[in-house]
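Student: Pasting a structure below so you can have a look.
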Amino acid sequence: MNKDTGQAGQAIFAALNEIAIIGQLSGNAFLKVMPDGLQLAQFGVLNHMVRLGDGWTPVRLASAFQVTKGAMTNTLQRLEARALVRIEPDPQDGRSKRVFITDAGRAMHQRCLGVLGPKLAALEAALGGELFNRLLPDLQALRAHLDAARSG
């Protein structure tokens, strides 16, 4: 950081750096317990569809995850091969496809949450649930701002 950044800029950078490190550490910890070799990108897509609904195009999913269309296509093909999603032609646009989570995909999502339970309980035991209750609104506001800024 240079001297022109100022204290606020340094604090923002430090906070974002901590968030990035937390993301990397938590992602690696979660990957170790994912069932049946499920990858984080695959879990991310399942989680996204459970949270926000399915029927998204691969291009829209790639944009949401900020990955290339090729990377998303690879992830979706792996999920489809496991029957966790199904990919259908878009009825409004014959050149496009839509992605839907299957019952097996919803079951896998629940299974993943189940294996994550002990890790989450350990965090709660170590740091207390109240910490996460306090952090969540600020983290959601930060995410919403960053998400809006990338689209603009």
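Student: Suppose a student asked you for the relative contact order of the chain, using Cα pairs under 8 Å spaced at least 6 residues apart; what percent would you report?
Tutor: It comes to 20 percent, rounded to a whole number.
Student: Calculate the radius of gyration of the Cα atoms of the chain to one decimal place, then report Dmax, the largest Cα-Cα distance, as a whole number, both in Å.
Tutor: Rg and Dmax of the chain, Cα atoms, are 18.2, 56 Å.
Student: Can you show me the helix-derived [θ] at 222 nm for the chain, built from DSSP H runs with n ≥ 4 at -39,500 (n - 2.57) apiece and divided by the number of residues, rounded to the nearest 500.
Tutor: Theoretical 222 nm ellipticity from helices: -24500 deg cm²/dmol.
Student: Still on this model: How much accessible area per residue does the chain have, counting only protein heavy atoms and a probe of 1.4 Å, in square angstrom?
Tutor: 67
The values are calculated or read from the model by the stated rules, or taken from the named source; none is laboratory data. Quantities reported herein were computed from a predicted structural model and do not represent experimental measurements. For accessibility, only protein heavy atoms count, side chains too; no ligands or nucleic acids. Shrake-Rupley method; radii C 1.70, N 1.55, O 1.52, S 1.80 Å.
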